[in-house]
Ligand code: 4GX
């Protein structure tokens with residue numbers, strides 16, 4: 001995977017791809033990263049990249065000529081890549097889209113500042129508009145970094161464990177189970193006994209139950225979209241049964257609570 005970022009703030013990306021897993025992937029040659037300063041393609045002596053909007057109003061608009069030249073230059077180097085504009089007008093990034101983006105040989109990420117880019121750039125040179133969420137940033141740079149993190153970890157070999165990204169529960173519309181590390185007791189709270197039992201079948205079962213209950217409580221929308229396995233269904237049915245049993249025990253021992261509700 002090759003990332004090329006187009007921005008007027010190229011220095012913002014140095015720390016991003018020098019550190020952590022991204023930095024390691026770059027050093028190992030699994031990721032190619034480069035940044036193009038849009039200002040280098042400005043044709044006047046003051047290297048201006050913005051101008052006042054036609055029709056008036058506040059704010060500035062990114063001029064089309066430097067941006068067009070910068071995009072063409074990036075495409076020349078990576079003809080098979082996809083050109084993405086980070087903008088609140090785009091489709092909101094999700095895991096499925098990150099997966100699809102990871103399939104390209106290269107991504108050219110265009111970071112707008114000010115009020116945005118001249119609309120004619122959008123029409124002629126952008127393949128896809130992507131938003132990272134419904135809030136307003138000051139520029140596309142952080143959005144591009146978010147996108148690159150989501151995509152980079154899906155590239156084979158970037159994460160240490162070859163399949164840890166594929167096994168992400170999010171890919172399967174499930175939230176992660178809780179995680180614990182040492183010490184076994186922290187500020188009076190002990191690690192669940194099952195995780196220290198060494199019984200891997202029981203641990204897997206517990207983790208799946210925790211993932212399912214978390215998803216049900218925190219993100220029912222995900223659970224609704226999930227394709228449930230036989231094992232998932234068995235766990236959910238067991239909860240239904242457990243709850244029914246609790247209710248049944250109540251109504252037989254306490255007839256008041258039944259009559260007051262009816
Ligand atoms: N997810 N912004 C981009 C300037 C801009 C506006 C329109 C191109 C077209 C954002 C987001 C985001 C603020 C980045 C406006 N550039 N980007 N910028 N949310 O809010 O991606």
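Quick note: the coordinates plus some simple rules give every number you see, no bench work behind them. Computed from a predicted structure; not experimentally measured. Neighbour counts are summed over all protein chains in view; Cβ atoms, including those assigned to glycine, are modelled from backbone coordinates with ideal geometry.
Here, region 173-225 has an Rg and a Dmax of 12.9, 38 Å when only alpha carbons are counted. Calculated over region 1-108, the projected area of the Cα convex hull averaged across directions stands at 8.6 nm².
Ranked for footprinting exposure by Cβ neighbours inside 10 Å, fewest first, 105, 129, 11 give 11, 105, 129.
Computed from the alpha carbon positions, the gyration tensor of region 58-176 leads to an equivalent ellipsoid with semi-axes of 28, 17, 10 Å, biggest first.
In region 141-209, the alpha-carbon atoms span a convex hull of 147 Å³ per residue. Annotation: extensible slack from residue 205 through residue 171 equals 10.4 nm (criterion: 0.36 nm per residue apart, minus Cα-Cα distance). Can I get the semi-axes of region 193-252's equivalent ellipsoid? Compute them from the C-alpha gyration tensor as square roots of 5 times the eigenvalues, in angstrom, largest first. Square roots of five times the eigenvalues give 22, 19, 11 Å. So the label point goes 7 Å from the Cα of residue 238 along Cα→C-beta, right? Which residues of region 182-197 then have their backbone N under 20 Å from it? Those under the cut-off are 192-197. Helical runs assigned H by DSSP (4 residues or longer) give the chain a calculated mean residue ellipticity at 222 nm of -12500 deg cm²/dmol, each run adding -39500 (n - 2.57) before division by the residue total. Shown for 158, 151, 136, 191: other C-beta atoms within 10 Å of each C-beta, ranked fewest to most, produce the order 136, 191, 158, 151.
Just so you know, the Cα atoms of the chain work out to an Rg and Dmax of 25.5, 88 Å. For the pair region 78-118 / region 157-224, the C-alpha centres are spaced 31 Å from each other.
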